[in-house]
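Visitor: Sharing a structure with you now.
The values are calculated or read from the model by the stated rules, or taken from the named source; none is laboratory data. Not measured: the values here are computed from a predicted model. When we count neighbours, we look across all protein chains shown, and the Cβ atoms used for this are built from the backbone with ideal geometry, even at glycine. For accessibility, only protein heavy atoms count, side chains too; no ligands or nucleic acids. Shrake-Rupley method; radii C 1.70, N 1.55, O 1.52, S 1.80 Å.
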Amino acid sequence: MLLNTLFFVLFALIMVPAVIILLGVTRWQSVTVALVERLEAARRAVTPRTFERDELQGLPEPVQAYFHAVLSARQPLVAAAEITQEGKVDLGRARTRWIPFRARQRVFVARPGWLWDARLRWLPGLGLFAHQGLLAGVGVARYKLFGLIPLVRSREDEAGARSELTRFFAEAVWYPTRLLPSQGVRWETIDDRHARATLEDDGVGVEVVFTFDDGGMVRSVRAPARERRVGGTRIETPWEMRFWEYREHGGMLIPAQYEMAWVLPQGRQVYAQGRVSEARYKFTP
């Protein structure tokens with residue numbers, strides 16, 4: 001009798017977590033499919049079909065140098081991208097604790113939209129599933145334990161959309177044809193290393209400053225504000241991404257490594273570091 005009881009206890013200890021994990025993965029995959037469908041439904045056609053160097057005339061000199069460095073003549077324009085990443089994040093609790101992640105990010109460049117689908121190894125045996133992105137002008141941020149228990153709920157409003165459009169804009173160095181003036185980006189000279197860029201999506205506008213190195217590569221993108229969670233509130237905070245280790249993907253040069261940081265009065269607070277392991281593109285037909 002004791003052996004039978006022990007057997008059933010051990011069986012439950014093994015099977016219950018397995019069932020929870022399987023249920024969480026299944027539900028999360030279903031939600032991911034639905035979000036991707038929303039993303040695809042909002043996509044628009046990309047024109048023109050190819051990059052022509054003539055459209056660089058009148059742009060700030062560092063911006064022209066950047067496009068000359070990362071694009072070749074007649075480069076097809078990116079219509080969509082799938083970017084595989086791995087790295088670590090600090091979720092901003094009371095003390096810093098880095099959590100490893102693996103993610104797949106889907107991007108449609110017109111209209112601006114993206115979805116970051118990540119798995120985070122929060123604690124041994126505790127998997128955290130994450131969605132973050134911009135879908136048809138709506139900012140999305142959802143983190144669930146086992147893919148079932150909500151830890152962060154999305155606030156779908158204009159402020160969230162502006163925050164996620166800012167990240168889309170900064171990360172356009174991974175799909176650089178999106179930064180061309182023909183794609184609605186307006187460039188303004190600051191000096192020989194910096195240029196200001198603005199982008200608008202259905203009435204929501206964002207502005208960032210790009211910093212370039214001697215070789216014309218983008219080294220950082222800084223925004224005057226993005227939403228930062230502090231406890232249960234959201235605070236508009238200066239934000240920055242940095243990039244390095246440029247490599248060729250799809251005929252373009254894109255950075256393989258990056259970090260994200262809040263720019264606080266006491267200094268930069270890095271909260272994410274990652275590496276692009278693969279970038280696949282769909283180009284204009």
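Visitor: What are the pairs, 6+ residues apart or on separate chains, where a residue within region 51-76 that is more than 17 Å from residue 218 (Cβ to Cβ) has its Cβ under 7 Å from a residue that is among the β-branched types (Val, Ile, Thr) and surrounded by fewer than 19 Cβ atoms within 10 Å (Cβ to Cβ)?
Guide: 74/50; 76/50; 76/284
Visitor: What is the residue count in region 205-228 for residues that are of a type outside the set (Val, Ile, Thr) and more than 14 Å from residue 70 (Cα to Cα)?
Guide: 11
Visitor: So, residue 221, is that one modelled with pLDDT under 95 and either touching a Pro at 6+ places or on another chain (Cβ under 7 Å) or among the aliphatic types (A, V, I, L, M) (or both) or not? Steps first, answer last, please.
Guide: On the way: modelled with pLDDT under 95: no; either touching a Pro at 6+ places or on another chain (Cβ under 7 Å) or among the aliphatic types (A, V, I, L, M) (or both): yes.
The answer is no for residue 221.
Visitor: Let me ask another. Look at residue 99 and say whether it is open to solvent by less than 20 Å² (accessible area, probe 1.4 Å) and at pLDDT below 95. Outline the logic, then answer.
Guide: Values: open to solvent by less than 20 Å² (accessible area, probe 1.4 Å): yes; at pLDDT below 95: yes.
Considered against the rule, which asks whether it is open to solvent by less than 20 Å² (accessible area, probe 1.4 Å) and at pLDDT below 95, residue 99 comes out as yes.
Visitor: Answer with yes or no whether residue 94 is modelled with pLDDT under 95, open to solvent by 50 Å² or more (accessible area, probe 1.4 Å) and more than 23 Å from the chain's Cα centre (by Cα).
Guide: Taking the combined requirement at face value, the residue satisfies it.
Visitor: Do we find a residue being over 17 Å from the mean Cα position of the chain (by Cα), crowded, with 16+ Cβ neighbours inside 10 Å and in contact (Cβ under 8 Å) with a residue 60 or more places away in the chain anywhere in region 239-246?
Guide: Yes, region 239-246 contains a residue that is over 17 Å from the mean Cα position of the chain (by Cα), crowded, with 16+ Cβ neighbours inside 10 Å and in contact (Cβ under 8 Å) with a residue 60 or more places away in the chain.
Visitor: When residue 124 is evaluated against the numbered criteria (1) at pLDDT below 90; (2) open to solvent by 40 Å² or more (accessible area, probe 1.4 Å); (3) within 26 Å of residue 269 (Cβ to Cβ), which criterion, by number, is the only one it fails?
Guide: Going through (1) at pLDDT below 90; (2) open to solvent by 40 Å² or more (accessible area, probe 1.4 Å); (3) within 26 Å of residue 269 (Cβ to Cβ) one by one, residue 124 breaks only (3).
Visitor: Continuing with the same structure: Which of the residues that make up region 214-226 are over 23 Å from residue 77 (Cβ atoms) and open to solvent by less than 40 Å² (accessible area, probe 1.4 Å)?
Guide: Correct list: 220, 223, 225, 226.
Visitor: Okay, next question. Mind counting the residues in region 161-206 that are under 16 Å from residue 60 (Cα atoms), acidic (Asp, Glu) and free of Cβ contacts under 8 Å to residues at least 24 places away in the same chain?
Guide: Summing the residues that are under 16 Å from residue 60 (Cα atoms), acidic (Asp, Glu) and free of Cβ contacts under 8 Å to residues at least 24 places away in the same chain in region 161-206 gives 1.
Visitor: I'm told residue 3 meets every condition in (1) at pLDDT below 95; (2) in contact with a Leu (Cβ under 6 Å, 6 or more places away or on another chain) except one. Can you identify the failing condition by its number?
Guide: If we test residue 3 against (1) at pLDDT below 95; (2) in contact with a Leu (Cβ under 6 Å, 6 or more places away or on another chain), just (2) comes out false.
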